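Computed from the coordinates by the stated procedures, all read-outs in this text should not be read as laboratory data. Computed from a predicted structure; not experimentally measured. Here the Cβ positions follow ideal geometry from the backbone for every residue, glycine too, while neighbour counts run over all protein chains shown.
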2 protein chains.
Amino acid sequence: MDERSAAQLSAAEAAQRIREGVLTSEDLVGACLERIRQVEPTVQAWTFLDEDLALAQGRAADEYKRSGQAIGALHGVPVGLKDIIDTGDMPTENGCTLHKARAPRNDAAVVAMLRAAGAVILGKTVTTECAYFSPGKTRNPHNPEHTPGGSSSGSAAAVAASMVPLALGSQTAGSTIRPGAFCGVYAFKPTHGLVPRTGILQLSRTLDHVGLFARTLEDVALLAEAVAGYHEGDADTRPRARIAFRETLAEEPPIPPMLGFVKTPHWEKADAGTREAMAELVETLGDRVEEVDPFVVPGGEPWAWHKTILEAEMAANFEREWTNGRDKLSEQLRNQIERGREVRAVDYQRALKNTAAQVESFDALFTERYDAILTLAAPGTAPKGMATGDPVFNVLWTLFGMPALSLPLMQGENGLPLGVQLVGRRNYDARLMRTARWLQEKLT
Amino acid sequence: MDERSAAQLSAAEAAQRIREGVLTSEDLVGACLERIRQVEPTVQAWTFLDEDLALAQGRAADEYKRSGQAIGALHGVPVGLKDIIDTGDMPTENGCTLHKARAPRNDAAVVAMLRAAGAVILGKTVTTECAYFSPGKTRNPHNPEHTPGGSSSGSAAAVAASMVPLALGSQTAGSTIRPGAFCGVYAFKPTHGLVPRTGILQLSRTLDHVGLFARTLEDVALLAEAVAGYHEGDADTRPRARIAFRETLAEEPPIPPMLGFVKTPHWEKADAGTREAMAELVETLGDRVEEVDPFVVPGGEPWAWHKTILEAEMAANFEREWTNGRDKLSEQLRNQIERGREVRAVDYQRALKNTAAQVESFDALFTERYDAILTLAAPGTAPKGMATGDPVFNVLWTLFGMPALSLPLMQGENGLPLGVQLVGRRNYDARLMRTARWLQEKLT
């Protein structure tokens, strides 16, 4: 096998070949680095990449395996990390001028989990400024004149461009699902609290999620198994039984799933071609899908709750940056923090309370009828220019902490990828993946 | 045994006699009612008491026992409930004009737990308005010209006056420890999250605790065993192993405990006689106590955090009352809500974050050296008049969610009771009781 094709292997295939001894981790890492050399000048997905450090990890993985000890599910497989995820051996700059040359002492919880599974940390990928909206340098691998989406721009683009089979990002509004859809990869935002956020830049405890990127559904499951778990540093995680994502994914659904198609009150914000593509998809699914309006109160109230919570919590989490260097922040971020500093505690608490109340009604939707919600991943394909696009079709599921998957199953008239978003019941993440596989098989 | 003496039994003794068949629950309830008839005109501890309903519960307990089925640890024993704790068969008016004749459909979680343990719910005890500061009608049983303290005024007074052996109250500032100290009973505020608050008037999720009152330490342990536990309706409770309070209480400490005497920055607010009495007690304990200053930052910062959190959360929890009937609230409560409506979300979150940071340093204190903190329960004996007194020596342990016990081990020059407060490490509640027993034996 030539090096180019090793970079294009799925993580599951690569791990299997390493396990069987027909591929070394060093060769796989080398193939990824070679691919990066080819496409990085255009895509610009990486903010830190030390080839020697990456290759040394690959060699160490190969040596460890030769010792005959048991190896983890990701042994020797490279993973990219959004540069808001702390690494003890690489800088973590959060896309923020004020955090230039920041060198964390410890790995984030998810990084320790990845290393325990045998993964090679290939490097750090470009994020928008503090995982908010101001774009980094990354371009869409399908067309460099278009945004890859954000804030997990580099992670989505790197996976899409076959620079690395797996990457982690984050989502506080739409920062995983949106770039995943724009770049045409699988993107997964698990249930809130399923993956620990210890050692990751905090914007909002209520809204922050770790996000996963891969080029196959099986790879999403493989990565999810590695990073789901309890960590004492994240008070929203809970000790619980290990989730067998891959096993559930491989199962046949006991009965054909039923999907609830949710337009949301923002349907008209999607462009005409996207609405049409979705309508066709719904038609193809026939009696396995029906339109449903799960909103207790009509209108955009949950979007307003998301705004209040995000502003208030960001203002609290960026107090130091605001006090010591607000002039070094983008105007966009500074304005967000300033709005947040004016939010009253009663309004913040009311938004939290309303959210908790409405999320129950979404749970009921699943118990009563639907296996998953079918909805847009974004208002259209990746927009032209650097602006990272609109998270309007993502914030609801972020707010409610529900698991969401973007599947690269559609294409826009401009040839750019168009994601299909499936949303599941909280804590039924593996079942959501199983439903996604069913949908994918039905459509392809 | 005559009825008067049955009312004066401890709960443990009464439960034992009922178990042995030498006392019926009906007779015990009757004895309590007789005692109430004698002293209630002066003490005024009850806001709802239906003699027939109480006696019927006693008879039902006796009948159940005669059926030969297994009985709970509190079988047939009467308990009084602060009138902010919901009962499905009695009104719960929260001491609030706006909640007049409020009739909850369900028992609060602790009430269901008490009934499962076999307890008789004797009646509802007087609370200040919404468990805040505006006093109810209750008087101190030791001298009716003095306050019983608040906000759990009726529960503390009813237990002190032998109207009922056990009662539940609550503490958000100092509403259990302070009335316990003023009335000369044992008062226990467990670790935050140990006892579920589902179905109890919420002032502040962060600060609200259920409080326990009894006339012996063993009774505190017995009651704690009945009400500690997980409830899905209280997100701060956790499933955990049952705590054997009585067993731990009966154990000898493996080595003589060491106490850390904490004056707090408010020491000068205590009256001279109280400071002197405490100094004597410290002297008596010799090398088993040493003064310690656990404050990371000098001054009263944690008291300010408590104020911010309480104002902000009360404002959020009393939005309906404020909107629909603020003119029917006391000026004191209305002002508190109005202050809370102005608190900014950043200040609220900063107070929460600072609290979480400092509480760790208190945990370290225990691991390093001390079994418990010894501190004042109140600035002095119960003040004259209706005002319920100053919670300044309680708010810190409420804020940090640490278990606190008031022990009726001292007396003021005016002959009124003076409490000694012991504070333990979070989640080491049973050990705190064991240390309390050791202290009590050492001093008496």
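Tabulated values for the structure
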quantity: Closest approach to the A/B rotation axis among chain A Cβ atoms, residue and whole-Å value; calculated: A:Ala345, 2
quantity: Under 10 Å, Cβ to Cβ, from B:Arg288 - net charge with Lys/Arg +1 and Asp/Glu -1; calculated: -2
quantity: Residue-averaged beta-carbon neighbours from other chains (10 angstrom radius) around B:334-345; calculated: 4
quantity: Region A:375-436: C-alpha gyration tensor shape, a/c 1.5 cut-off, then a/b vs b/c; calculated: oblate
quantity: Burial order of peptide ranges B:148-160, B:242-254 (average beta-carbon count within 10 Å, highest first); calculated: B:148-160, B:242-254
quantity: Relative packing of A:115-122, B:233-240, B:92-99, B:126-133, which averages over residues the other C-beta atoms within 10 Å, highest first; calculated: B:126-133, A:115-122, B:92-99, B:233-240
quantity: Number of partner chain Cβ atoms within 10 Å, mean per residue of A:301-314; calculated: 1
quantity: Globularity index of region B:58-126, i.e. its alpha-carbon radius of gyration over 2.2 N^0.38 Å; calculated: 1.22
quantity: Alpha-carbon Rg/Rh ratio, for region A:154-311, with Rh computed the Kirkwood way; calculated: 0.98
quantity: FRET E, pair B:Asp50, B:Gln16, Förster distance 41 Å, beta-carbon r, rounded to 0.05; calculated: 0.90
quantity: For region A:326-342 and region A:206-263, distance of Cα centres in Å; calculated: 34
quantity: Cα lying deepest toward the dipole's positive end in chain B, options B:Thr97, B:Thr172, B:Gly58, charges on Cβ; calculated: B:Thr97
quantity: Euclidean distance of C-alpha centroids, region B:281-303 and region A:112-177, integer Å; calculated: 51
quantity: Three-way shape label, region A:3-249, alpha-carbon gyration tensor, a/c 1.5; calculated: rounded
quantity: Label spacing, shortest first and in nm, from B:Ala244 to its equivalents in the remaining copies (7 angstrom along Cα→Cβ); calculated: 3.7
quantity: Cα lying deepest toward the dipole's positive end in chain A, options A:Pro379, A:Thr206, A:Ala12, charges on Cβ; calculated: A:Thr206
quantity: Nm distances between copies for B:Ala279, ranked from closest, using label points 7 Å along Cα→Cβ; calculated: 8.7
quantity: Expected 222 nm ellipticity per residue - DSSP helices of 4 or more, -39500 (n - 2.57), all of the protein assembly as shown, to 500; calculated: -13000 deg cm²/dmol
quantity: Surrounding net charge for A:Pro144, when Lys and Arg each add one and Asp and Glu each subtract one, Cβ distance under 15 Å; calculated: +1
quantity: Theoretical gain in end-to-end length, A:Asn324 to A:Arg240 [0.36 nm per residue, Cα-Cα removed]; calculated: 26.2 nm
quantity: For B:Gly68, label point 7 Å along C-beta direction: distances to other copies, nm; calculated: 6.6
quantity: Projected-area average for region A:15-98 over all orientations - Cα convex hull basis, square nanometres; calculated: 6.4
quantity: At 1.567 mPa s and 4 °C, Stokes D of region A:128-229 from Kirkwood alpha-carbon radius, µm² per second; calculated: 98
quantity: Over chain A: Kirkwood hydrodynamic radius from C-alpha pairwise inverse distances, Å; calculated: 21.7
quantity: Using a Förster distance of 45 Å, the FRET efficiency for B:Lys263-A:Leu365 (Cβ separation, nearest 0.05); calculated: 0.20
quantity: Potential extension, B:Asn106-B:Asp293 segment - 0.36 nm per residue separation minus Cα distance; calculated: 62.8 nm
quantity: Value of relative contact order over region A:1-152, rounded to a whole percent, pairs C-alpha under 8 Å and six or more apart; calculated: 24
quantity: Spin-label model distance (nm) - A:Glu283 vs B:Ala70, 7 Å beyond Cα toward Cβ; calculated: 6.5
quantity: Charge tally in the Cβ shell below 15 Å around A:Ala173, where Lys, Arg are +1 and Asp, Glu are -1, A:Ala173 excluded; calculated: +2
quantity: Quotient of C-alpha Rg and 2.2 N^0.38 Å, computed over the protein assembly as shown; calculated: 1.07
quantity: Shielding by other protein chains, B:346-353, mean Cβ within 10 Å; calculated: 6
quantity: Shape category assigned to region A:324-424 from the gyration tensor of Cα positions, a/c cut at 1.5; calculated: oblate
quantity: Packing-based ranking, highest mean first, of A:377-387, B:58-68 given that Cβ atoms within 10 Å are counted; calculated: A:377-387, B:58-68
quantity: Stretchable slack from B:Arg59 to B:Thr444, in nm (0.36 nm times residue separation minus alpha-carbon distance); calculated: 134.7 nm
quantity: Antiparallel bridges, percent of DSSP beta bridges restricted to region A:3-249 (to nearest 5); calculated: 60
quantity: Calculated P(r) of region A:225-295 - Cα pairs past 16 Å, %; calculated: 69
